[in-house]
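Presented below is the structure to which this report refers.
Throughout, read-outs are computed from the coordinates displayed, never taken from laboratory work. Predicted model only: the values in this text are computed from it and were never measured. Cβ placement follows ideal geometry from the backbone for every residue including glycine, while neighbour counts extend to all protein chains displayed.
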Amino acid sequence: METVFLLVATEVGRLEEVHRRLRSEPGVVEVEAVTGPYDLIAKVQAPHINQALDVVVHRIRKIPGIKGTETLVTIAGP
């Protein structure tokens, strides 16, 4: 199973709506509000990295209220 973490910046006043929408997307297994330059962090899992990135690019980034994202791809540890 491949995992990516997605940092999400939302438009003012749309945090709860985006949080709700993210939780309903396929492959999104966890969503949490965070402090700092981003508003949310989402954990996306899929059998293959291309599938996880497809969810990010073709589904999540199209959610209304998202003004920016940063994708962090996990790598095998030592």
When every residue in the range 41-71 that is without any contact (Cβ under 8 Å) to a residue 12 or more places away in the chain and charged (D, E, K, R) is compared, the one nearest to Leu6 (Cα to Cα) is Arg61
Within the range 25-40, residues being among the polar types (S, T, N, Q) and under 12 Å from Glu2 (Cα atoms) number 0
All conditions in (1) on the phi < 0 side of the Ramachandran plot; (2) surrounded by 16 or more Cβ atoms within 10 Å (Cβ to Cβ) are true of Thr74 except (2)
Yes/no for Ala9 being touching a residue at least 24 places away in the same chain (Cβ under 8 Å) and either aliphatic (A, V, I, L, M) or farther than 25 Å from Ala76 by Cα (or both):
yes
With the requirement that a residue be surrounded by fewer than 19 Cβ atoms within 10 Å (Cβ to Cβ) and among the polar types (S, T, N, Q), what does the range 5-55 give you?
Ser24, Thr35, Gln45, Asn50, Gln51
